[in-house]
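Peer 1: First, the structure itself, so that you have it in front of you.
The values are calculated or read from the model by the stated rules, or taken from the named source; none is laboratory data. Since this is a predicted model, take the numbers as computed values, not measurements. Heads up, the Cβs are rebuilt from the backbone with ideal geometry, glycines too, and the neighbour counts pull from every protein chain shown.
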Amino acid sequence: MTHEDLPHVLALQHRCYHPDFHEPVSAFESKLSASPKTCWVISIGPDSILAYLVCLPIADENYPVLHASDWQSPAWADELYVHDMAISPVLRGQGAGRLLLNQARAHAASLGLVRLSLIAVQNSATFWGHLGFAARPATSEALVRKLASFGADAMLMSHNLAMVSALD
């Protein structure tokens, strides 16, 4: 993903997510600037983004709140947080999500990270479960508050990187 992709990424996000989850361009810019090697797109040309995945290396379960426009990459990380993924209806059911997650998994493993984590929203826990993610309880009040910023149905989920066959 590049900064030039952001208008198309935002357009896809608007097609795929409820308005409560539409992040401002500043949120994408801060994440892309801080971690450009963990943001990917699938496109058929410069103006046609059909899928994207934004991941962030994090430490100590320091997940960003929704709409955060000031995210900074930590000095060290222990997991890769799957912050946002959107797949155009044109690509749904064709393995685009699995392809993007395999990219994230390979990158996380190359960094020595122990897991992928995400916050499932819009009743997507079943989808993520099929990709090897399992629900995980929040371990602190701060994490409970961050989950709440994603809505009442938000669920913390993780995929241990030792469990590679679930994404293959």
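Peer 1: Considering each of ARG92, ARG98 in turn, give the residue that is among the basic types (Lys, Arg), within 16 Å of HIS159 (Cα to Cα) and either out of contact with any strand residue (DSSP E or B) (no Cβ under 7 Å at 6 or more places or on another chain) or surrounded by 17 or more Cβ atoms within 10 Å (Cβ to Cβ) (or both).
Peer 2: Working: ARG92 fails: within 16 Å of HIS159 (Cα to Cα).
Only one candidate passes the filter, namely ARG98.
Peer 1: In addition: Would it be correct to say that PRO74 is in contact with a strand residue (DSSP E or B) (Cβ under 9 Å, 6 or more places away or on another chain) and either modelled with pLDDT under 90 or within 26 Å of ALA134 (Cβ to Cβ) (or both)?
Peer 2: Details: in contact with a strand residue (DSSP E or B) (Cβ under 9 Å, 6 or more places away or on another chain): yes; either modelled with pLDDT under 90 or within 26 Å of ALA134 (Cβ to Cβ) (or both): yes.
Yes: the conditions hold for PRO74.
Peer 1: List, please: which pairs have Cβ atoms under 6 Å, are six or more places apart or on different chains, and start with a residue in the range 16-41 that is within 23 Å of ALA75 (Cβ to Cβ) and end with one that is at pLDDT below 90 and aromatic (Phe, Trp, Tyr)?
Peer 2: SER30/TRP71; LYS31/TRP71; ALA34/TRP71
Peer 1: Restricting to the range 22-72, and then to whatever is acidic (Asp, Glu) and over 22 Å from MET157 (Cβ atoms), can you tell me which residue is surrounded by the most Cβ atoms within 10 Å (Cβ to Cβ)?
Peer 2: Step one: filter the range 22-72 for residues acidic (Asp, Glu), giving 23, 29, 47, 60-61, 70.
Still in the list and also over 22 Å from MET157 (Cβ atoms): 29, 47, 70.
Numbers: GLU29: 14, ASP47: 11, ASP70: 9.
That would be GLU29.
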